[in-house]
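The values are calculated or read from the model by the stated rules, or taken from the named source; none is laboratory data. If you're wondering where the values come from, they're calculated on a predicted model, not measured in any experiment. Ideal geometry is used to build each Cβ from the backbone, glycine not excepted, and the neighbour counts take in all protein chains shown.
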Amino acid sequence: MGDVEIGIIGGTGLGDILLKEAGGTPTEVDTPFGRPSCPPIIATWEGRRVAFVARHGAGHTFNPTNVPYRANIYALKQLGAAAVIASGATGSLRENIHPGELVVCDQVIDRTSRRSSTFFDEGLAVHVELADPFCPTLRRDLVAAAAQLDLTTHDGGTYVCMEGPQFSTRAESHLHRAWGGDVIGMTAMPEAKLAREAELCYALVALPTDYDCWRPHPGDPPHDALLREILGNLKLASQRALTLIRQFLRVYNPSSRTCGCGSALKLAIWSDLNGLAPAVRQRLGSLVERYIS
Ligand SMILES: [Zn+2]
């Protein structure tokens, strides 16, 4: 285990900051689930030991389906992180969530179907609770950090996670709104599920860049109006997320945690761990070792 306190998963812009401002070091890491999207950048930033993973890899080469989610979460766990802050671009499904604002999500509707969404896919059965998929303590601290900044940040919101990589049809966009979705993106799942299985606190800052396609554009919009809107707002939203994460690192107090993320597996392992096959134990040992008597 390393000395990292907090993992950060997000866009490459944040990695550039860590490299330049904090003198971060890319560190090769291998896991039983392969290599992460890119070598995590480890740095001391705002007084914290952090490790950053660019979710889509250097050069943005992994599409949302092919991101190595398991390796990314496992790598951060191996490096010592107890908590993960993630950020990701989304579309807004609500009139009052304006592009450029931030949303500290509290719920997810998972519509993905082609991703490995568990560490425990063979050799043992594990059923973690996921009623609240984001850590309440991290959410609290993110919202508190946002209150100290001049940033419009929404406390709570339901993230609809679609498979992609194409954006929604208009009918789907209306359906997601009818389901109660507030933002739509392509990466929160299985990231949040895997973080819970790895007993990591995990919270997500969604960055709305556009109004998806449910909301008519005024006038006679160009055929690529949505893409223009997304690209135009992405940099602004990313900068604001960076400001929020930096402030979060200043106020984060792990000793005040009241969540159960760190013991999520305590009652969730339904297999007899003493009968675990050696190969399974070798593969998953670091996740379940402390529960083997
Ligand atoms: Zn937690």
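Worth pointing out:
- Taking the criterion of being buried (at least 17 other Cβ atoms within 10 Å of the Cβ), out of contact with any Phe, Trp or Tyr (no Cβ under 9 Å at 6 or more places or on another chain) and of a type in the set (Gly, Ala, Ser), the only residue of the range 4-28 that qualifies is 11.
- Strands (runs of 3 or more DSSP E) contained in the range 140-227 and holding at least 3 residues more than 30 Å from residue 124 (Cα to Cα) and of a type in the set (A, V, I, L, M): 201-210
- Residue in the range 273-291 that is in contact with a His (Cβ under 9 Å, 6 or more places away or on another chain) and surrounded by 12 or more Cβ atoms within 10 Å (Cβ to Cβ) present: no
- Pair list, Cβ < 6 Å and 6+ apart or interchain, from the range 70-81 residues that are aromatic (Phe, Trp, Tyr) to residues that are not in a helix (DSSP H, G or I): 74/31; 74/33
- In this structure, residue 120 does not satisfy being within 17 Å of the chain's Cα centre (by Cα), crowded, with 18+ Cβ neighbours inside 10 Å and in a loop (DSSP other than H, G, I, E, B).
- Top-ranked residue in the range 1-28 [being under 19 Å from the mean Cα position of the chain (by Cα) and modelled with pLDDT of 85 or more; ranked as nearest to residue 237 (Cα to Cα)]: 10
- Scanning the range 211-221 for residues that are in contact with a helix residue (DSSP H, G or I) (Cβ under 7 Å, 6 or more places away or on another chain) and surrounded by fewer than 24 Cβ atoms within 10 Å (Cβ to Cβ) yields a count of 3.
- Residue satisfying all of: in the range 195-238; among the basic types (Lys, Arg) and more than 16 Å from the ligand (Cβ to nearest atom); nearest to residue 73 (Cα to Cα) among these: 235
- Being hydrophobic (A, V, I, L, M, F, W, C), touching a Lys or Arg at 6+ places or on another chain (Cβ under 8 Å) and surrounded by 11 or more Cβ atoms within 10 Å (Cβ to Cβ) is true of residue 249.
- Within the range 109-141, tally of residues that are within 14 Å of the ligand (Cβ to nearest atom) and β-branched (Val, Ile, Thr): 2
- Of all residues in the range 259-272 being surrounded by fewer than 16 Cβ atoms within 10 Å (Cβ to Cβ) and assigned to a helix (DSSP H, G or I), the one that is nearest to the ligand (Cβ to nearest atom): 262
- Being of a type in the set (Asp, Glu) and modelled with pLDDT under 90 is a property that does not hold for residue 182.
- Some residue of the range 93-102 being modelled with pLDDT of 95 or more and either within 16 Å of the ligand (Cβ to nearest atom) or of a type in the set (Gly, Ala, Ser) (or both): no
- Against the test of being under 15 Å from the mean Cα position of the chain (by Cα), surrounded by fewer than 21 Cβ atoms within 10 Å (Cβ to Cβ), within 27 Å of residue 116 (Cβ to Cβ) and modelled with pLDDT of 95 or more, the options 65, 31 yield a single qualifying residue, 65.
- Checking 256, 286 one by one, the residue that is in contact (Cβ under 8 Å) with a residue 12 or more places away in the chain and within 16 Å of the ligand (Cβ to nearest atom) is 256 and no other.
Quick grid of which residues meet (1) within 16 Å of the ligand (Cβ to nearest atom); (2) under 22 Å from residue 14 (Cα atoms); (3) surrounded by fewer than 16 Cβ atoms within 10 Å (Cβ to Cβ):
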{"position": "144", "(1), (2), (3)": "yes, yes, yes"}
{"position": "160", "(1), (2), (3)": "no, no, no"}
{"position": "180", "(1), (2), (3)": "no, no, yes"}
{"position": "184", "(1), (2), (3)": "no, yes, no"}
{"position": "189", "(1), (2), (3)": "no, yes, no"}
{"position": "193", "(1), (2), (3)": "yes, no, no"}
